[in-house]
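Heads up: the structure comes next, in structure tokens.
The values are calculated or read from the model by the stated rules, or taken from the named source; none is laboratory data. Because the structure is predicted, anything quoted here is derived from the model rather than measured. Neighbour counts run over all protein chains shown; Cβ positions are idealised from the backbone, glycine included. All accessible areas refer to the heavy atoms of the entire protein, side chains included, with ligands and DNA or RNA removed. Shrake-Rupley method; radii C 1.70, N 1.55, O 1.52, S 1.80 Å.
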Amino acid sequence: MLSVCWGHVVMRRNPFGVDICCRKGSRSPLQELYNPIQLELSNTAILHQMRRDQVTDTCRANSAMSRKRRVLTPNDLKHLVVDEDHELIYCYVPKVACTNWKRLMMVLSGRGKYSDPMEIPANEAHVSANLKTLNQYSIPEINHRLKSYMKFLFVREPFERLVSAYRNKFTQKYNTSFHKRYGTKIIRRQRKNATQEALRKGDDVKFEEFVAYLIDPHTQREEPFNEHWQTVYSLCHPCHIHYDLVGKYETLEEDSNYVLRLAGVSGYLKFPTYAKSTRTTDEMTTEFFQNISAEHQTQLYEVYKLDFLMFNYSVPNYLKLD
């Protein structure tokens with residue numbers, strides 16, 4: 001079992017001085033975050049303190065719901081990617097720029113193997129052997145890293161992330177593994193008079209059917225949600241692990257470059273920028289929710305409520321909550 005450390009982070013100097021390959025200066029990312037030397041970083045530090053406080057306050061206010069499980073096991077830490085050279089731990093959340101952040105973590109922890117994140121093919125970034133995750137360490141090593149590394153994650157408006165996952169996994173013809181694994185099950189349960197072809201292929205799941213599947217109590221009793229639509233609090237355990245930095249999809253570039261700056265690598269590494277025309281927007285999300293009944297919207301909000309509260313996302317205007 002893990003004694004996950006909450007509360008204040010102990011500041012310490014890196015006992016080995018400068019890491020030649022990897023970090024300029026001997027201040028760790030944690031020291032740069034909590035004791036910024038440069039004045040212009042202190043406003044950013046205040047913003048991130050507010051985000052941390054929001055998480056802490058939500059965990060406290062909803063302790064019965066958010067801390068159902070008292071302890072974590074190593075298996076809960078599969079999403080926490082470790083970079084030992086820069087003392088970073090990144091919890092990846094699918095559909096929140098995680099491909100680009102995994103690419104960056106490969107560059108940071110690759111000891112010179114990679115230099116340009118965008119030269120790493122997307123599918124390569126998702127090969128688990130290419131990154132080390134926290135569950136691969138012994139329990140004393142896990143606790144040491146949780147205490148002394150800078151832990152960060154990136155979040156997104158929960159329903160926008162959900163629509164993004166739906167569009168990517170259920171409306172693209174090439175995602176046959178998702179259609180077979182989840183689409184067939186969703187259609188079998190949610191569609192009356194489904195054709196044999198739909199039951200066999202599972203490639204035409206409607207958003208309303210996807211929502212009905214998510215709010216069906218049987219779904220989570222049967223198995224945990226897939227990571228693409230699992231809640232952030234279940235993937236990253238922010239009520240058990242004290243994240244030093246919460247980045248947001250809405251301010252992705254500046255938050256990402258702030259992390260790189262704290263890690264002392266902003267001189268040669270920037271977050272990859274590209275305009276993605278297919279990106280799921282708030283307008284698209286509004287459209288998808290128009291056909292969802294008020295009852296189902298209310299039930300779905302309950303499923304993702306902690307993510308809304310914890311990361312300070314307000315209830316969307318388009319929701320017709322019961």
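Rounded to the nearest percent, how much of the accessible area of segment 20-162 (1.4 Å probe, protein heavy atoms only) is carbon and sulfur?
The C+S portion of the solvent-accessible surface of segment 20-162 is 52 percent.
If packing is taken as the mean number of other Cβ atoms within 10 Å per residue, what is the order of 256-263, 222-229, highest first?
The most tightly packed comes first, giving 256-263, 222-229.
Which peptide among 93-105, 242-254 comes first, and what is the full order, when sorted by highest mean count of other Cβ atoms within 10 Å?
On the way: 93-105: 22.6, 242-254: 18.2.
By packing density, highest mean first, the sequence is 93-105, 242-254.
Divide by every residue of the chain the summed helix terms, -39500 (n - 2.57) for each DSSP H run of at least 4, and state the resulting mean residue ellipticity at 222 nm, rounded to the nearest 500 deg cm²/dmol. Each step should come with its number before you reach the end.
On the way: 15 runs with 140 residues, N = 322.
The per-residue figure over the chain is -12500 deg cm²/dmol.
Roughly how many Å is it from the Cα centre of segment 203-271 to that of segment 91-128, as a whole number?
Each part's Cα centre sits 16 Å from the other's.
Kindly identify segment 107-202 as rounded, prolate or oblate by the Cα gyration tensor criterion: order the square roots of the eigenvalues as a ≥ b ≥ c, call it rounded if a/c is under 1.5, otherwise compare a/b with b/c, prolate if a/b is larger, else oblate.
Because a/c hits 1.5 or more and a/b exceeds b/c, segment 107-202 counts as prolate.
Share of segment 179-322's accessible area from carbon and sulfur, percent, 1.4 Å?
C and S fraction of accessible area: 47 percent.
Excluding ligands, DNA and RNA, what is the solvent-accessible area per residue of the chain at a probe of 1.4 Å, expressed in Å²?
49
Can you count the Lys pairs in segment 90-184 with C-alpha separation below 17 Å, eight or more apart or on different chains? Intermediate values should be presented prior to the final figure.
Values: Lys95/Lys169; Lys102/Lys113; Lys102/Lys132; Lys102/Lys151; Lys113/Lys132; Lys132/Lys151; Lys169/Lys180.
Lysine pair count for segment 90-184: 7.
Report the relative contact order of segment 70-157, percent, no decimals, based on alpha-carbon pairs under 8 angstrom and at least 6 residues apart.
Normalised by residue count, the contact order of segment 70-157 is 41 percent.
Average projected area of the Cα convex hull of segment 264-322, in nm²?
Mean orientational projected area (segment 264-322, Cα hull): 6.4 nm².
Kindly provide the Kirkwood hydrodynamic radius of the chain in Å, to one decimal, from all pairs of distinct alpha carbon atoms.
For the chain, the Kirkwood estimate is 21.0 Å.
Using the Cα atoms as the points, what is the convex hull volume per residue of segment 147-225 in Å³?
For segment 147-225, the hull spanned by Cα atoms encloses 132 Å³ per residue.
Please report the relative contact order for the chain, taking Cα pairs under 8 Å with a sequence separation of at least 6, and give it as a percent rounded to a whole number.
Normalised by residue count, the contact order of the chain is 24 percent.
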